[in-house]
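Participant: Can you keep this structure in mind? I'll have questions shortly.
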Amino acid sequence: MSLLNRNPHVLSRFCALLLLGTAALHASAQPVAQATVASAHPAATVAGLETLAGGGNAFDAAVAIASALAVVEPYGSGLGGGGFFLLRQAGPKPTYRFIDARERAPLASSAQMYMRNGKVQPELSLNGPLAAAIPGLPAALAEITSRFGRKPLADNLVPAIRLATDGVSIDRVYIDRAEGRLEAMRKDRETSRVFLQQGNLPEEWDLLRQPDLAKTLERLARYGRSGFYEGETADRLVEGVRAAGGIWSLEDLRSYQVVERQPLRYPLADGRELISAPPPSAGGVALAQSLGMLAQLPWQKAEPTQRVHYVAEVLRRAYHDRSMLGDPDRIANPVQQLLAPDYLKRLAAGIDPNRATPSASLPPKPTWREGDHTTHFVVIDEQGNAVAATLSVNLPFGSAFTPPGTGVVLNDEMDDFAADIEGSNAYGLAGSAANAIASGKRPLSSMSPSFIESPNELAAFGTPGGSRIPSMVLLAMLQYLDGRAVQNWVSAPRYHNQYLPDVLEHEPRTFTDAQKADLTARGYTLKDVGRSYGNQQVLLWNKKNGDVDAASDPRGIGLAAGTTVHY
Ligand code: DON
């Protein structure tokens, strides 16, 4: 057993559970020394390890982790939300798959649905049943298990059902997220009953028991996807939504499908390749564009502030282009054009090595809206099967609306659409026609589960953080490309430029005073966002010696850990 990333205050409670051993394994050509998980919550990491130790592969473990997170982090992701799973199937030539479990707009949705008296009402796409799109996570859990797992769905859901039934201790992150959403949570009687204490914040260490959610999970375990999208759960979801003024129908649930898409693949220097999220995520395109532009620039040799400048400028240009992207089932995404070498060369050539480019001087783009809390995990099994998954209900506790009797708090992913294509969303992201609301459409996302693979290594990345996801993942990738240890990938200080608003955001301790003065002189408007952000989970498999290193962001309460493999 080894603990790859220690989080002292949770370690003692969980280390006993981590003494797991996997069965004797035949050596493969490129053995993984120990199956490993990094997730945002220790109980979810343990759920993954338990599944691996019980004979499950990385795909079974991903289902166990995702469903456990749905119970222990109801503020971050859940059965009422969706997400993206990037899979790597091991083999001499690995196969990559991208499972799009993004929520879909209800069939009765329309571009004008949040307009009242000619004005968009942001409240409506953020809180309450109208904010909720049709969930994708339950379908993904069933699909990933049946297509790629070794175990039945019911086995993979055991840890989640146990956590929902027995309860989990409420931690500081839960309280922090609930505090930020208290007003909205109090407005819905069921959300308040399930997630608050008599309408108030629970205390740290209170036990959160979720018997209704346990029953919903049991129906999923017993009947597979139809145990959620049809029958008792579906009836309760639709009745609850409609009784509170929402527009879901049984047909919305029955017709929901996850979509397998081609992952975005982009060659990097030194035999490496980026494998990341394609649309309806804008994240992979932004990462590929950023890395493609950086390849034209001497970022690696640059002194620290000069490097910040290059990174901020490539991010500005990549986020600028985001407005061309949307649901690939509805619009033609110009991905090839956006990644064309000549185009990226031209963009990189427009970067002044000394001065910030004012965003307003780039050709104008309409602004759009997007979504604030989510989760990410990574897992690799002893054969080299791996998953990077980012899952979300959007804002903490999603729409703060829970259909009675289900235990399922619904997402507010509708806010990731451009409800107002002239406006911006909860993340200040600009709107665009490509991401306008339409019946059955998937909203554009920033979630960016990613791998970088070469003959010698596999690195996996991802984090929550709304519009800041691609910039955080990029910064972690640059740490990796610089040869830094995994702990640095997650702990390095963060900064962010998303084209509009034209500011260089940063965590309180990212820059020294001298760096701030230098950046200001280059034309940046700095904005200390006043707190740390993100919750990145990463791993690195060294294929030459089989070692796996993983790390969980010190900003969160997560845990990275591996099982011992006996050959
Ligand atoms: O899909 C998206 O881009 C957003 N709904 C993700 C939200 C998020 O990461 C919030 N995290 N803090």
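The values are calculated or read from the model by the stated rules, or taken from the named source; none is laboratory data. Please read all numbers here as calculations on a predicted model, not as lab measurements. Note that each Cβ is placed from the backbone with ideal geometry, even for glycine, and that neighbours are counted across all protein chains shown. Ligands, DNA and RNA are excluded from the accessible area calculation, which covers all protein heavy atoms including side chains. Shrake-Rupley method; radii C 1.70, N 1.55, O 1.52, S 1.80 Å.
Participant: From the backbone phi of segment 55-63, what are the Karplus-calculated ³J(HN,Hα) couplings (6.51 cos²θ - 1.76 cosθ + 1.60, θ = phi - 60°) in whole Hz, Gly and Pro given as x?
Facilitator: The phi angles translate into x, x, 9, 4, 6, 4, 4, 4, 5 Hz.
Participant: Ok, one more. Please identify the chymotrypsin sites (Phe, Trp or Tyr not before Pro) of segment 524-563 that satisfy two criteria: DSSP loop assignment and at most 16 other Cβ atoms within 10 Å. Which are they?
Facilitator: Hits after loop and neighbour filter: nothing returned.
Participant: To continue, here is another question. Zone of Ala108 (label point 7 Å along Cα→Cβ, backbone N under 19 Å): which residues in segment 165-192?
Facilitator: none
Participant: Sum up the lysine pairs in the chain that clear both bars: alpha-carbon distance under 24 Å and a spacing of 8 or more or different chains.
Facilitator: 12
Participant: Okay, next question. If you add up the charges near His506, with Lys and Arg at +1 and Asp and Glu at -1, over every other residue whose beta carbon is less than 12 angstrom from its beta carbon, what do you get?
Facilitator: +3
Participant: Taking 25 Å as R0, compute the FRET efficiency from the Cβ-Cβ separation of Arg346 and Ala302 and round it to 0.05.
Facilitator: 0.75
Participant: Now for a separate question. Just the number: Rg to Rh for the chain, Cα atoms, Kirkwood Rh, two decimals.
Facilitator: 0.95
Participant: I've got another one for you. In square angstrom, what is the accessible area per residue of segment 194-280 with a 1.4 angstrom probe?
Facilitator: Solvent-accessible surface per residue comes out at 48 Å².
Participant: What is the antiparallel percent of DSSP beta bridges lying wholly in the chain, to the nearest 5?
Facilitator: That works out to approximately 90 percent antiparallel.
Participant: Which value in deg cm²/dmol, rounded to the nearest 500, describes the helix-derived mean residue ellipticity at 222 nm for the chain, given -39,500 (n - 2.57) per DSSP H run of n ≥ 4 and division by the residue count?
Facilitator: My calculation for the chain gives -9500 deg cm²/dmol from helical runs alone.
Participant: For segment 430-502 and segment 166-224, what is the centre-to-centre distance using only Cα atoms, to the nearest Å?
Facilitator: First find each Cα centre; the distance between them is then 29 Å.
Participant: Once you have the Cα-Cα distance between Asp329 and Ser169, take 0.36 nm times their residue separation minus that, and quote the gain in nm to one decimal.
Facilitator: Using 0.36 nm per residue and subtracting the Cα-Cα distance, I get 53.5 nm.
Participant: What Kirkwood Rh does segment 479-543 have if only Cα atoms enter the pairwise 1/r average? Answer in Å. Please list the in-between numbers first.
Facilitator: Numbers: mean 1/r = 0.0741 Å⁻¹.
This gives a value of 13.5 Å.
Participant: Provide the convex hull volume over Cα atoms per residue for segment 45-87, in Å³.
Facilitator: So the per-residue Cα hull volume is 62 Å³.
Participant: Quick one: with all protein chains in place, what share of the accessible area of the chain is carbon or sulfur, to the nearest percent (1.4 Å probe)?
Facilitator: 51 percent
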